[in-house]
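First comes the structure, then the notes that go with it.
The values are calculated or read from the model by the stated rules, or taken from the named source; none is laboratory data. What you see is a predicted model; the values in this text were computed from it and never measured. As a convention, Cβ positions derive from the backbone with ideal geometry for all residues, glycine included, and neighbour counts pool all protein chains shown.
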């Protein structure tokens, strides 16, 4: 649910936040909340990652990504906010008294029954092998390795579509547009991750970004000639130098980070990337 503030200032006029009125403020069980270390982008006192630091303190919520409590029915007790992720989480109480946290789906409500197992009903919030889920359905929290726990589709609004089966593998279409193969025995949870409106929020002011641990960034073109993007007459920017964007130390930015070539055989179609159109250069005839 989107929450717009009263436009008493220019900042509040354009601020769009996500309402948390429907979420519970009750204290979570102590075994589901742990402390976590925050280094603020520094290593041995020196800055190792720029533009990070000063985030508000937060504790980690232990999420059950494996959903390995098989054939035991649970009830959704309450929905909660999680500062460590964009999605909301749900507290599940099983009939044997055990309590766990799972990712909340789009239509999940208090009192809803959820279960995990090979023979679980095909309903939203239930976890089961991919081979049992009908083609065309949307899933999330998908495993890449059996028993590892879900690693795909865990952010707010994430929905992975099952397209078909072939030779022990299931074809999945990712939110990025990538189509890949995953083993049919891997577990997945039916439904779309909740908090779909997360992408529509507008923080409105720099202070909210600072509380998220993001420090100010100065543009390279606004610096002195010592930066690769700066220099030249007026606002020349990178027009004169050309080439890819660079760090203050002259190293190239935007390099590919995917180095595991052995999994290329599982990717049927690459994700769609936005390419900059080529600009035609014309010679001026004097």
TODO: Please specify each residue of the stretch 65-77 satisfying the condition of being without any contact (Cβ under 8 Å) to a residue 60 or more places away in the chain and either surrounded by 11 or more Cβ atoms within 10 Å (Cβ to Cβ) or under 20 Å from the mean Cα position of the chain (by Cα) (or both).
DONE: 69, 70, 72, 73, 74, 75, 76, 77
Open item on the list: Just to verify a result, which residue in the stretch 40-52, among those that are part of a loop (DSSP other than H, G, I, E, B) and out of contact with any strand residue (DSSP E or B) (no Cβ under 9 Å at 6 or more places or on another chain), is nearest to residue 103 (Cα to Cα)?
Closed with: 50
Open item on the list: With the structure loaded, tell me whether residue 140 is in contact with a strand residue (DSSP E or B) (Cβ under 8 Å, 6 or more places away or on another chain), in contact (Cβ under 8 Å) with a residue 40 or more places away in the chain and over 21 Å from residue 123 (Cα atoms) or whether it fails that test.
Closed with: no
Task: Of all residues in the stretch 53-64 being in contact (Cβ under 8 Å) with a residue 60 or more places away in the chain and out of contact with any strand residue (DSSP E or B) (no Cβ under 8 Å at 6 or more places or on another chain), the one that is farthest from residue 115 (Cα to Cα) - done: 54
Task: Single residue of the stretch 16-39 satisfying the filter (under 20 Å from residue 211 (Cα atoms) and touching a strand residue (DSSP E or B) at 6+ places or on another chain (Cβ under 6 Å)) that is surrounded by the fewest Cβ atoms within 10 Å (Cβ to Cβ) - done: 36
Task: Which numbered condition residue 111 misses (of (1) at negative phi; (2) over 14 Å from the mean Cα position of the chain (by Cα)) - done: (1)
Open item on the list: I need a count of the residues in the stretch 1-15 that are surrounded by 11 or more Cβ atoms within 10 Å (Cβ to Cβ) and either part of a loop (DSSP other than H, G, I, E, B) or modelled with pLDDT of 95 or more (or both).
Closed with: 5
Task: the stretch 166-177 - residue that is more than 16 Å from the chain's Cα centre (by Cα) and in a loop (DSSP other than H, G, I, E, B) and, of those, nearest to residue 123 (Cα to Cα) - done: 168
Task: Number of positions in the stretch 146-162 that are touching a strand residue (DSSP E or B) at 6+ places or on another chain (Cβ under 8 Å), surrounded by fewer than 20 Cβ atoms within 10 Å (Cβ to Cβ) and either without any contact (Cβ under 8 Å) to a residue 12 or more places away in the chain or assigned to a loop (DSSP other than H, G, I, E, B) (or both) - done: 6
